[in-house]
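These notes are about the structure you will find just below.
Each value in this text was obtained by applying a stated rule to the coordinates, not by laboratory testing. These numbers were taken from a predicted model, which means no experiment stands behind them. As a convention, Cβ positions derive from the backbone with ideal geometry for all residues, glycine included, and neighbour counts pool all protein chains shown.
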Amino acid sequence: TVITAPVSIADVDLNLFTGRAHVEKFVIGDTKRPILNVAFSLRFSPTALLTGLINVERLILHNPALAVERIGPDRYNVLEIVKPSSTETDGGTPSLSINQIEIQDGKIVFVDRTQDPDYKLTLGSVNLTAGPIATLPEDAVPATGFKAGFKIGHGSVTVSGTSHVFQNSPSVELKAEISEVEIEAFHVYLPYGGRLNSRNSLVN
């Protein structure tokens, strides 16, 4: 796949001997109105690179900001900029494994341009930990565990679970925890005039 939007990087610090790297201000999209703006650091195995394997021991995304816009019934800006590669590959793409990935204090802004007026939803203080994640065969990597959360008012919502991310596992185990969240803080977004029925429902 290829990214059709502009991409810019402010600074890159890479050390192949220690297996550490840091990228400052990685931006996808117009710098005045970016789709993604993030700094990230990672620790990888230099010896694995010699065998054609990209083994990332830890990947941390610092304060990522993602802007998602719905610009049509089935069109989103983040999908419009991703296109399949026009060239055939020879199958020589190296395998990738990430032992642990973290998102620290992220922010997601969602805007629905098909509404009148535009509908806007902002999620702040988004945090995520997950791993291991790999493009290796399913029997070569254990199930991926993940935990994600965000703040709503003075409370928080946390979701944790397990899944084989790249193996299209038919089942995903999830557990959600809601702490000190007032129900009035939820502003439910349901496009196409949908409705939410919470009758006889229970949150424990």
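Annotations for the structure displayed:
- Nearest-0.05 FRET efficiency for Asp116 and Thr47, computed from C-beta distance (R0 45 Å): 0.20
- Full-stretch length increase - Ile60, Asn15 - with 0.36 nm per residue and alpha-carbon distance subtracted: 14.5 nm
- Shape call, the range 16-125: gyration tensor on alpha carbons, a/c limit 1.5: oblate
- Peptide packing: for 30-39, 45-54, the average count of neighbouring Cβ atoms within 10 Å per residue gives the ranking 30-39, 45-54, highest mean first.
- Restricting the range 1-89 to chymotrypsin sites (Phe, Trp or Tyr not before Pro) in coil, as DSSP defines it, with at most 13 other Cβ within 10 Å: Phe17
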